[in-house]
Structure formats: C-alpha cells, structure tokens
Amino acid sequence: MARVSLTAVKKSYGKTVVIDDLTLAIEDGELIVIVGPSGCGKSTLLRMIAGLETITAGTVVIADRVVNNLEPRERDIAMVFQNYALYPHMTVFANMAYSLKIAGLDKGEIAKRIETTARLLELESFLKRKPRQLSGGQRQRVAMGRAIVRNPAVFLFDEPLSNLDARLRVQMRMEIKTLQRKLGATLLYVTHDQVEAMTLADRMVVMNNGIVEQVGTPLEVYHNPATTFVAGFIGSPPMNFLDLNNHNIVPVPVKASLVGIRPEHLRFCPLGTGLCDAEVAFFEELGAETLVHLRSQNGEKYILRLESATTPPALATSVGLTAADKYRFFFDNNGKRLKSEDAPPSP
Amino acid sequence: MEKRVFFRNKWLPYLLVAPQIAVTLVFFFWPAGEAVYQSVFMPDPFGLKTRYVGLANFQFLFTDPYYRNSFATTALFSSLVTTISMSVALWLAVLADRVGKKAGRYTTLLIWPYAVAPAIAGVLWMFLFMPSIGVLARALGHFGYTWNHALNGGQAMFLVVIASAWKQISYNFLFFLAGLQSIPRSLIEAAAIDGASFTRRFWTIVFPLLSPTTFFLLVVNVVYAFFETFGVIHTITGGGPQQSTSILVYKVFSDGFVSQDLGSSAAQSVVLLLLVSGLTIIQFRFIERRVQY
C-alpha cells in the first residue's frame, strides 16, 4: 500500500491539452474517486498513472518513487478495466495466475494466493471456467481478483461498473468499498456517475475539461461546491441556477451573477413574495419523493424536491419560489463560488 | 438472439440458391465426375478410342517412382511455402500493428505483390535468379556461390518456394493485421500491467487469440500451395530439373497435356482431389478444436 502524488501533471496530444497542470496528493489507504463528464480527461489521468499513456509534463510519484519513465509492469500497480479485459482463452484460475507466474512465484504459492483471493470474492466454484461462461458481475469480480492477487501498491479502477445493470452496480459498489477497507488499499476509481462517486469516495476529485474543479469529501463537495460546474454536476437532480440579472434578490455579495439553490432547499411561497415566480410544468413521482418541474416566464427551468407526504400545487398553476438565506450559493460570472458572510454552513 | 426469415413460397429458397448450385455443378462436379470417369479408361496412342482398364491407371501410378517422389516434393514444397509465407506475414503484421494508424502507406505497399499474376511473379523471380543475366544469381557468383537452378534441384526448389511464398505474403499479412487489430487493446494493456514483456504478451495472449485467423490462413495457404502455384512453377522451372519441382498438380498437367497420358492424368486428379479433401477434413477436425473462437 502506498501514497501517490501528482505534481503539475500535464497531458497534451500535439496542441490539444487534455490535462492541464494537475496536482493531487493521495494518502495511503485512501479511496479516491475521480469523477467528471466524458471527455474530461479522467481516464487519461488514470492511464498516465498506470503507465499506459506518456506524461507530457510534471511528475507522478508512487510509493516515494518517480515513475514517469517506468514501464507499467515496473510501477507496482494493478488495473481493472471497464470491459474487464479478461484473457478469454484462459480459465479464471489462469487469468489470476498470469501475473504471478510472470513474477516467478512457485506453484504452491500461486495456488495459495488464488485460493485466498477466490474465497474473498466468492469465486471458488468458478476457477475452472472460462470468462465467457460467467455473468457480467462474476467477470467483474474476476477482474478485481486478478488485481488483488498481485497485492500491488495501488489499485486503479477505470469505470469498472458501467457495464453492469443498475441493481448489480449498487451491490458491487458496496462490495468494492468493503473490500478496499478490508485490504486497506490505496484505490483510484474513475467514474462518470456522481452517485457512485458520492457513495464510494473517501475523497472525490471533480474534473472538467482537464482541470480539477474541486477535491474533497463527498459531503464537503455537496454542501460547499467551489464552482457552478461542481454544483451542477454533483447532486441529483442538479442544482437550480437563477440569473441575478433577471431576479431582484437581496442581499447579494458583490460581483455575484448567479445564485444556486438545491432542489431540496427550494420552497413554495405566495406569488411575488419569493425569489421568482414560476409555473408548475410536470411532476416526477418517485414514491418517497416527488420532483416538481417548474418553468419561469423567461424560460428558466427549476426542480423542486418534495416529500411525498406533501401535496404539490396543481399543474399549470403559478407559484412563488424561495429558499432560506443559508441555502443560497452565489457564483461570479466565471463560475467561481463567492464566499460571503452568509455562505451556507454544513449542516 | 437468432433471427430467422420464413419463406411462404416453397420454391423461392431453391430458386435463390439455384445460381450457386448451377455454377458448382458445371464447374466443379461435372469436371470432377469426368476425371473420375476417365481415370478408369486408357486411350490408344492416337487418341481414337479408349479402353476400360479398371484400376490399372492407379496401380501404375503407385508403382511409378517419379509419382511417389512427387508426393514427397509436394509435401516439402507446400509445408515450406505455408510456413514461410505465414511466418513472414505474421512478423510484418506485428510490426505494422505496432506502428498503428500511420502504417497505412506501408500496408498498401505490402499488398501489391498479391495483385501480380502467378506467372508474372514466376518470370520476375526467374529473371532475378537467371544464371546468365540475373542480378541476384550474379551477385551470388561474386561471393563464390554458383547458382544454376536449371541444374541444381535444391536451388530450383528454393526458388519456386520463395516465389510462391512471396506472392502469398500480402494476402496473409492483410488477414493477420486485421486479426491483430481486432484483439481488444485493453487485453494487451492488462498483460503489460501484469508484467508480461512484448515477446511474452505475443506468445501467451496475442498468438492464442489470433488462432482463428491462423487456422483459416493455414487452410487457404495449403490449398494455395497445392494448386495455385502452378503458374510459378511452370514459368520458373517447368517442373525440372529431373522433376525435382514437379508437385502433384504440375504432374497432372505435364503427364496429361504434355505427355498425352490422359488416363494417368485423370487418375492423378482423383488422387489429388481425395488428398486435399482429406487434408481439409483433418485440419477442421483436429486443429479447429484447439482454436479459440
């Protein structure tokens, strides 16, 4: 197990900059989730740490060793791929034994390690099967097993759950988390799914356009987003944004141009008395909660989250919307969060 | 999921496959049947009438030392052509695959030999190695090596093997390259992270996953070496010297059309037919089992 640190890391293909000046320190035994929309450079970052992509500038240090010019096999890392990348012509056992054989371990040791790992992942009965005879979830487990038997310094997971169905994804999420705790492993996990990021991460790294927008624990990021991008990306349904040029809201910090309010903090109020007025467009009834979609006269769309017990106003009625002062997030016109006296505190 | 189309009309499916069947009947079954028929007859020296001789043609064939020798020649020739053309093609394909997308121009250049007709390829190589004026033959002479494939059977065999293999390399190269490119990149990356060197990755991951392509090419190349190399042999050595490059298919031609022994030629065709069908069946039965599809 080891620490990983990235200093001023940059990646570009010709003139296209994919990752720009990224600095990040990962502690021993931490589960870091790198989250962002597709094309934000998160997978490239992981592949640079793995040694599958060259590093244009900056340094990557794994376990106190600069690895910039080392081959993947010299970096003491293990990776789980999105498509699992299991060797299709080998049995599960042979898949897991592959790296150990190359490392020159003797047969007894290999068998022992695989047995331990297989028990950990409940794979004992599948060891003689080929990958194509396994279900998606089982393949995923084998891919993890292949990484675990090697006992590497760092685990790298590249969207490992995106090929699974929703139910299995939730289950595997919990398993990964439990496993990581049990092994005390340093794990970097890339995903585009913000729910996955929220539930798994010790700390999450929110990336956009090759730049780190914010690093922090899931709740820190949720309650204290640093930019409009983070505020809109983390949290489902996303945060509502009101353009301050169209609404007369006081008090407002200087330079603020947008105010963001999470759907669960938005409240109905009599017409004309709130932050804005809007018309009820439609409902999403999810059982435990109801999402009310609203549209203002100038076309802005808002979502308001209601406990199901509350009765929402009828469709097409106009209502006022408001939120407590502490739940108003102000941003300047570059999307940067403005820290004011009345910044919402973490609950 | 399997999708199936059902035809309401009973005759439509037969109508649709009719052209294919007609072509096979006219160009394969008819001549093949004719060959089987003729193999039990022997024409008189003037070709005016034929006499039924039973299996005498076959009997004669298998007591003929030249014919038995031709089996050994064919075995040597086809295994050399297949091995050389496939291994060189695989080597080139691996290199091209490593270069990646930029290898386009190189790939195009490598495909060209395939467009050369066998006879032309033969002439080309013959001129290169012609003892009197051939560039390579004279170069070898400079190093003190006498090259004359018109006299030396070993050299003649070497030359027809090289010429035949050379022509087939482009075809094999294309298939190998396509095969290599269809192996998911993440598998190679996973193996690299697992600690495998380039050579080790090739033999433990790439080569086994390439086996469907290799198997297909093996069948194609053996058939090529058996039949389609006729033009090359005809132009370079004419089967000589001393029938040292007379492979079975060449003997069918030279015995039948040059020596006018049509009965023996027909019998040889039948033997060849059985041999190739047998070989293909063996390949599918035994090699296919170890192939990873």
Practice task
Check whether at least one residue in region B:178-194 is closer than 28 Å to residue B:77 by Cβ, under 14 Å from the mean Cα position of the chain (by Cα) and surrounded by 19 or more Cβ atoms within 10 Å (Cβ to Cβ), and report yes or no.
Solution key: no
Problem - Flag if residue A:77 is at pLDDT 90 or above, touching a Leu at 6+ places or on another chain (Cβ under 9 Å) and of a type outside the set (D, E, K, R) - result: yes
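One line per residue, one yes/no per condition, for (1) closer than 19 Å to residue A:197 by Cβ; (2) within 14 Å of chain B (Cβ to nearest Cβ); (3) more than 25 Å from the chain's Cα centre (by Cα):
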residue	(1), (2), (3)
A:15	no, no, yes
A:29	yes, no, no
A:34	yes, no, no
A:39	yes, no, no
A:78	no, yes, no
A:91	no, yes, yes
A:94	no, yes, yes
A:100	no, yes, yes
A:103	no, yes, yes
Problem - Filter pass, residue A:33 being closer than 21 Å to residue A:232 by Cβ and in the same structural domain as residue A:221 (by TED's automatic domain parsing) - result: yes
Exercise for the section: Identify the residue in region B:126-157 that is small (Gly, Ala, Ser), in contact (Cβ under 8 Å) with a residue 60 or more places away in the chain and touching a helix residue (DSSP H, G or I) at 6+ places or on another chain (Cβ under 9 Å) and, among all such residues, is least open to solvent (accessible area, probe 1.4 Å). Expected result: B:156
Completion exercise
In region A:267-293, anything under 14 Å from residue A:247 (Cβ atoms) and either at pLDDT 90 or above or of a type in the set (Gly, Ala, Ser) (or both) is listed as A:272, A:274, A:278
Fill in the blank from the handout: By residue number, the members of region B:30-61 that are open to solvent by 90 Å² or more (accessible area, probe 1.4 Å) and either within 28 Å of residue B:245 (Cβ to Cβ) or modelled with pLDDT of 85 or more (or both) are B:30, B:37, B:59, B:60
Practice task
Report yes if some residue within region A:161-169 is without any contact (Cβ under 8 Å) to a residue 60 or more places away in the chain, open to solvent by 60 Å² or more (accessible area, probe 1.4 Å) and touching a helix residue (DSSP H, G or I) at 6+ places or on another chain (Cβ under 9 Å); otherwise report no.
Solution key: yes
Exercise for the section: State the number of residues belonging to region B:212-242 that are in a loop (DSSP other than H, G, I, E, B) and buried (at least 18 other Cβ atoms within 10 Å of the Cβ). Expected result: 3
Practice task
Test residue B:29 against the stated conditions and say whether it is part of a helix (DSSP H, G or I) and out of contact with any Phe, Trp or Tyr (no Cβ under 9 Å at 6 or more places or on another chain).
Solution key: yes
Completion exercise
Among A:156, A:164, the single one that is among the aliphatic types (A, V, I, L, M), at pLDDT 90 or above and not in a helix (DSSP H, G or I) is A:156
Exercise for the section: Scan region A:172-198 residue by residue and report those that are charged (D, E, K, R) and either surrounded by fewer than 15 Cβ atoms within 10 Å (Cβ to Cβ) or without any contact (Cβ under 8 Å) to a residue 60 or more places away in the chain (or both). Expected result: A:173, A:175, A:181, A:182
Practice task
For region A:119-138, indicate whether the set of residues that are more than 24 Å from residue A:73 (Cβ to Cβ), assigned by TED's automatic domain parsing to the domain that holds residue A:27 and of a type in the set (Phe, Trp, Tyr) is non-empty.
Solution key: yes
Handout entry: In region A:56-67, the residues that are touching a strand residue (DSSP E or B) at 6+ places or on another chain (Cβ under 6 Å) and either outside any loop (DSSP other than H, G, I, E, B) or away from every other protein chain (no Cβ under 14 Å) (or both)
Key = A:56, A:57, A:58, A:59, A:60, A:61, A:62, A:66
Practice task
Name every residue in region B:278-293 that is modelled with pLDDT of 85 or more and either touching a Gly at 6+ places or on another chain (Cβ under 7 Å) or within 16 Å of residue B:78 (Cβ to Cβ) (or both), in order of residue number.
Solution key: B:278
Handout entry: Test: residue in region A:199-208 that is closer than 28 Å to residue A:63 by Cα, away from chain B (no Cβ under 14 Å), surrounded by 16 or more Cβ atoms within 10 Å (Cβ to Cβ) and acidic (Asp, Glu)
Key = yes
Fill in the blank from the handout: Taking region A:66-75 and the residues there that are within 27 Å of the chain's Cα centre (by Cα) and open to solvent by 70 Å² or more (accessible area, probe 1.4 Å), the one that is farthest from residue A:147 (Cα to Cα) would be A:66
Completion exercise
Filter region A:256-304 for residues that are under 18 Å from residue A:325 (Cβ atoms) and among the basic types (Lys, Arg); the one that is surrounded by the fewest Cβ atoms within 10 Å (Cβ to Cβ) is A:267
Exercise for the section: Identify, by number, the condition in (1) open to solvent by 20 Å² or more (accessible area, probe 1.4 Å); (2) assigned to a helix (DSSP H, G or I); (3) out of contact with any strand residue (DSSP E or B) (no Cβ under 9 Å at 6 or more places or on another chain) that residue B:206 doesn't meet. Expected result: (1)
Handout entry: Failed item in (1) open to solvent by 40 Å² or more (accessible area, probe 1.4 Å); (2) part of a loop (DSSP other than H, G, I, E, B); (3) polar (S, T, N, Q), with residue B:199 passing the rest
Key = (2)
Handout entry: Residue list for region A:144-188, restricted to those being of a type in the set (Asp, Glu) and within 13 Å of another protein chain (Cβ to nearest Cβ)
Key = A:158, A:159
Fill in the blank from the handout: Within region B:1-18, residues being part of a helix (DSSP H, G or I) and either modelled with pLDDT under 90 or open to solvent by 80 Å² or more (accessible area, probe 1.4 Å) (or both) number 5
Practice task
Kindly provide the set of residues from region A:105-130 that are basic (Lys, Arg), open to solvent by 60 Å² or more (accessible area, probe 1.4 Å) and within 32 Å of the chain's Cα centre (by Cα), ordered by number.
Solution key: A:113, A:119
Problem - Filtered residues of region A:34-51 (kept if among the aliphatic types (A, V, I, L, M) and under 21 Å from residue B:193 (Cα atoms)) - result: A:34, A:45, A:46, A:48, A:49, A:50
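The values are calculated or read from the model by the stated rules, or taken from the named source; none is laboratory data. Just so it is clear, the model here is predicted, and its values are computed rather than measured. Quick reminder, even Gly has a Cβ in these numbers, built from the backbone with ideal geometry, and neighbours come from all protein chains shown. Ligands, DNA and RNA are stripped out before the accessible areas are found, and what is left, the full protein with its side chains, is counted by its heavy atoms. Shrake-Rupley method; radii C 1.70, N 1.55, O 1.52, S 1.80 Å.
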